[in-house]
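The values are calculated or read from the model by the stated rules, or taken from the named source; none is laboratory data. Fair warning: this is a prediction, and the values are worked out from it, not measured in the lab. Heads up, the Cβs are rebuilt from the backbone with ideal geometry, glycines too, and the neighbour counts pull from every protein chain shown. Ligands, DNA and RNA are excluded from the accessible area calculation, which covers all protein heavy atoms including side chains. Shrake-Rupley method; radii C 1.70, N 1.55, O 1.52, S 1.80 Å.
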Amino acid sequence: MKITVYIAGDSTAALKGAAEKPMTGWGEYLQDYFDSSVQVDNRAINGRSSKSFLDEGRLADIERDFRPGDYLFIQFGHNDGKQEDPSRYADPEEAYPGNLKRYIASARQRGGTPVLLTSVSRRRFLADGSPDPEAVEGYPEAMRQVAAETGTPLLDIFAASQQLYRALGEDGSRHLFMHLPEGAHPNYPDGIRDDTHFSDTGARHIARLVAKALKPSPSLPELKLHLTGLTEVAQERK
């Protein structure tokens, strides 16, 4: 019987349509790092926050399909900080942690395993050339605190993505994101400079980071048994 890994998240993970390409969500490539016993079901949606995903019934949709032994990967934060939009805003002190606990409880009540993933970092650098630790405001730290409080497995993708950007540098990390000059692609005739959403290359890199973060996790022993492809990644980067 297959294990299903559901992704509840925003546009950084979501499947992109033809009109949005080459923009790509990291969830589109996570399947590459699991064997045939695991099916990735990417329910992430553009523009959603931990609040709006709940309010629109999208967690309820997952609950209808969720089975004992399944996993719920939870990554929000980019849209939770939009104070100008009350339909999405969830402050990092109370509302956001409260929402995360609803996702956690949902998976556990159905015999599954919730997994918290801190927000993947925006590409934002400080004057000294280091990645901005506030690139997604206080949401990564709020999630770390919820993970500790609830005993939920945590994959710190914010820290991992910042480490990647630091290694590549400000210029070297640009190709991971949607930076296209005018006329380079018919979907973006005026060009685009976007340091939140990923190019196809960037999405592949972030999916690798998620898989690599799973490998040392002591809280996910069964899921780790089904990881694949990480040896090839290590060889490719040498």
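Number of residues in region 33-62 that are surrounded by fewer than 17 Cβ atoms within 10 Å (Cβ to Cβ) and either touching a helix residue (DSSP H, G or I) at 6+ places or on another chain (Cβ under 6 Å) or within 18 Å of ILE157 (Cα to Cα) (or both) equals 0.
The listed residues are SER106, SER37, SER119, and the only one of them that is farther than 26 Å from HIS175 by Cα, in contact with a strand residue (DSSP E or B) (Cβ under 8 Å, 6 or more places away or on another chain) and either in contact (Cβ under 8 Å) with a residue 60 or more places away in the chain or acidic (Asp, Glu) (or both) turns out to be SER37. When PRO181 is tested against (1) open to solvent by 80 Å² or more (accessible area, probe 1.4 Å); (2) touching a residue at least 40 places away in the same chain (Cβ under 8 Å), just one condition goes unmet, and that condition is (2). Look at region 134-151 and say how many of its residues are farther than 21 Å from ARG123 by Cα and among the hydrophobic types (A, V, I, L, M, F, W, C). Total satisfying the criteria: 3. Assessment of region 161-181 against the conditions (within 15 Å of GLY25 (Cα to Cα) and among the acidic types (Asp, Glu)) yields no matching residue. All told, TYR188 falls short of being among the aromatic types (Phe, Trp, Tyr) and open to solvent by less than 30 Å² (accessible area, probe 1.4 Å). Residues in region 148-162 that are surrounded by 14 or more Cβ atoms within 10 Å (Cβ to Cβ) and either over 16 Å from LYS212 (Cβ atoms) or in contact with a helix residue (DSSP H, G or I) (Cβ under 9 Å, 6 or more places away or on another chain) (or both): THR150, THR152, PRO153, LEU154, LEU155, ASP156, ILE157, PHE158, ALA159, ALA160, SER161.
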